[in-house]
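Okay, structure first, notes after.
Throughout, read-outs are computed from the coordinates displayed, never taken from laboratory work. Since the structure is predicted, the reported quantities are computational estimates derived from the model, not experimental observations. Positions of Cβ are backbone-derived with ideal geometry, glycine not excepted, and every protein chain shown enters the neighbour counts.
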Amino acid sequence: MGELRLMKGNEAIAEAAIRCGCDAYFGYPITPQSEILEYLTLENPEPITGMVVLQAESEIAAINMVYGSSACGKKAMTSSSSPGISLKQEGISYIAGAELPALIVNVVRGGPGLGTIQPSQSDYFQSVKGGGHGDYKLIVLAPNSVQEQYDFVSLGFELAFKYRNPVLILSDGAIGQMMEKVELTDYIPRLSDEEVIKRTGSWATHGKPESRKHNIITSLNLQPEPQEQHNHHLQAKYKEIEEHELRYEKFHCEDAEYVFVAYGTSSRLCQKAIQLGRAKGLKLGMIRPITLFPYPTNPIKKAAKKAKAFLSVEMSAGQMVEDVRLAVNGKRPVEHYGRYGGMIPMPDEILEAMEELIAKVEKKAQKKAEKKAKKKAEKKAKKLAKKEKE
Amino acid sequence: MTEEIIIAGFGGQGVLSMGKILAYSGMMKDLEVSWMPAYGPEMRGGTANVTVIVSQERINSPVLKMYDTAIILNQQSMDKFEKSVKPGGVLIYDNNGIVHPPTRTDIDIYLIEANKVAIQMKNTKVFNMVVLGAFLKVKPIVNLDDVDKGLKKSLPERHHHLVALNEEAIRAGMEAVKLEQKAA
């Protein structure tokens with residue numbers, strides 16, 4: 001077992017970056033994620049591992065520094081919180097268009113606008129439905145513990161390089177600020193220049209040898225036909241990612257009649273709500289997406305065969321609920337419960353929301369049964385009357 | 001065993017660091033721990049609170065509505081958290097600055113005059129460790145050895161000479177804590 005340390009979620013991201021052989025971090029401070037930059041600056045890994053840590057002049061500068069570093073085949077990352085991530089969207093779209101590996105961390109706070117500094121999950125749409133312009137997808141990882149904050153940094157880089165696609169860790173202020181036990185992994189040395197060339201020689205720009213053509217990094221294509229071809233290629237890649245990289249977790253789903261769908265902090269709150277509900281005899285379970293793209297559409301669809309209803313819980317006005325509805329496709333009721341603007345719902349109120357949904361569904365089922373029984377009785381009476389007449 | 005605790009007081013009283021040391025001590029005992037601050041634009045003089053959960057099982061929600069123990073160090077926190085103690089639970093408070101003492105009868109109430117003890121020790125900085133001592137006397141979920149290890153792990157090495165002083169403060173807190181009321 002590796003060394004155990006009590007860490008804030010933000011610190012775990014920073015420590016993971018150093019340990020997984022990250023080449024460069026570019027950031028700009030914003031609450032509630034400033035500890036990432038602070039920790040890295042304090043640890044100052046450059047003299048030891050050579051990892052560059054730089055406070056850029058702005059969020060836009062930071063993402064474009066990531067663009068440049070990843071164009072050279074380096075493991076580069078940036079982090080920010082909601083308003084800062086909005087600023088980065090242009091760069092993210094360019095990185096996706098140019099098919100470069102990069103890691104972006106969003107420790108979400110309440111919005112819109114500058115909003116609050118408290119936790120929120122209202123950047124779901126921005127993360128999985130675009131954010132920047134154009135038909136692109138990010139691979140989106142949603143940690144729900146400090147340990148996962150740590151683990152997803154190296155996983156994120158792995159996926160980013162595997163698919164040459166930007167990866168987003170969608171965290172929130174609660175996981176960023178809370179402290180939990182983290183099991184640390186051993187230091188992985190950064191790749192040497194030779195190793196980087198070997199790994200990324202087919203596409204990255206690190207000096208052209210005679211033996212190959214130019215590697216060109218761009219997201220610009222003035223001809224529509226090749227640009228459509230490029231889009232076809234991107235779409236095929238996203239499909240491949242959907243086929244191979246789906247991650248999700250089922251919690252007490254075996255006998256569940258009513259199922260929560262929640263990610264990140266909300267999934268932790270729902271676990272408690274399930275514990276409280278099960279103590280009352282309610283058969284509750286949860287499907288927790290770990291990747292938000294790809295989304296666990298099929299597992300939710302499958303669960304809809306058995307479950308009576310779904311409650312999507314998110315610290316937003318209702319964003320992910322749309323994807324749950326798409327998955328369930330009208331077969332079962334799907335509702336949303338959420339607090340937003342920086343408020344965290346308490347497990348008790350989540351359970352209350354579920355109990356309301358259960359009451360609604362059961363009332364409807366009862367009404368339906370009564371109607372059926374009434375119809376049956378009427379039919380019987382009619383038949384009897386007919387018989388008597390005869 | 002699961003112990004769900006809220007520690008609440010003024011910013012600058014050492015509320016967050018006391019929670020951290022408690023969490024670290026739990027970790028030293030191989031327990032699961034979580035430390036969740038109510039963070040905001042808070043500073044010295046503002047209010048500060050932290051939820052600490054120590055458990056033998058994996059911890060689910062890091063935020064809660066009701067607690068096994070509330071450690072309350074100012075009036076605002078009393079107003080906010082007295083009602084959040086589970087029936088039969090524990091409330092520990094320092095009466096310095098408290099104008100409306102707790103009124104609930106269905107919980108155990110303990111008084112720790114930590115401010116006074118710290119002044120007697122001629123070091124007001126150990127205030128939070130006196131409070132921690134009071135808590136550990138009432139709820140011995142970790143022992144002094146674990147706290148010792150926790151302190152050493154959470155303090156940078158240059159501060160390790162202060163561990164003994166902190167330990168002394170914890171012991172003083174253990175001695176000074178008084179049961180005011182047993183749950184009816």
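Computed values, structure above
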{"read-out": "Too-long pairs where the Cα-Cα distance tops 20 Å, listed order kept, from A:Lys250/A:Lys272; A:Lys306/A:Lys360; A:Lys74/A:Lys239", "value": "A:Lys74/A:Lys239"}
{"read-out": "Assigned charges on the beta-carbon of Lys, Arg, Asp, Glu; the range A:1-94 dipole about Cα centre (debye)", "value": "220"}
{"read-out": "Gain on full stretching of the segment that runs from A:Ala317 to A:Glu356 - 0.36 nm per residue minus C-alpha separation", "value": "12.2 nm"}
{"read-out": "Estimated FRET transfer efficiency when R0 is 60 angstrom, pair A:Lys376-A:Ala236 (beta carbons, to 0.05)", "value": "0.65"}
{"read-out": "Label-point separation, A:Gln223 to B:Gln76 (7 Å along Cα→Cβ), nm", "value": "6.6"}
{"read-out": "Cβ-derived FRET efficiency at R0 51 Å, A:Glu390 paired with A:Lys250, nearest 0.05", "value": "0.30"}
{"read-out": "The range B:2-181 - charge dipole about Cα centre, Lys and Arg +1 at Cβ, Asp and Glu -1, debye rounded to 20", "value": "380"}
{"read-out": "Dipole-positive endmost among A:Ile241, A:Cys253, A:Pro224 within the range A:202-254 (Cβ charges, Cα centre)", "value": "A:Pro224"}
{"read-out": "A:Lys306 versus B:Thr105: modelled label distance in nm, points set 7 Å from Cα along the beta carbon direction", "value": "4.9"}
{"read-out": "Computed lengthening from B:Ala183 to B:Gln120, 0.36 nm per intervening residue step minus Cα-Cα distance", "value": "19.6 nm"}
{"read-out": "Directionally averaged shadow of the range B:2-181, computed from the convex hull of its alpha-carbon atoms, nm²", "value": "9.7"}
{"read-out": "Mean residue ellipticity (222 nm) of chain B, computed from DSSP H runs ≥ 4 via -39,500 (n - 2.57), nearest 500", "value": "-10500 deg cm²/dmol"}
{"read-out": "Dimensions in Å of the range B:24-79 - Rg and Dmax from alpha carbons", "value": "13.0, 36"}
{"read-out": "Positive-end extreme of charge dipole, the range B:2-181 - chosen from B:Asn143, B:Gln181, B:Ile98 (charges on Cβ)", "value": "B:Ile98"}
{"read-out": "For the range A:127-256, average projected area of the Cα convex hull in nm²", "value": "12.4"}
{"read-out": "Approximate spin-label separation A:His206-A:Tyr187, in nm, with each point projected 7 Å along Cα-to-Cβ", "value": "2.0"}
{"read-out": "Dipole magnitude of the protein assembly as shown, debye to nearest 20 (Cβ charges: Lys/Arg +1, Asp/Glu -1, about Cα centre)", "value": "3480"}
{"read-out": "Stokes-Einstein diffusion coefficient of the protein assembly as shown, Kirkwood radius over Cα pairs, 10 °C, 1.306 mPa s, in µm²/s", "value": "61"}
{"read-out": "Candidates A:Ala373, A:Ala327, A:Ala98, ranked by Gaussian network fluctuation over chain A, Cα under 10 Å, top entry", "value": "A:Ala373"}
{"read-out": "Helix axis angle, A:146-163 relative to chain A longest principal axis, alpha carbon, degrees", "value": "70"}
{"read-out": "Separation of alpha-carbon centers, the range B:72-130 and the range A:154-218, rounded to whole Å", "value": "50"}
{"read-out": "Helix axis angle, A:82-97 relative to chain A longest principal axis, alpha carbon, degrees", "value": "70"}
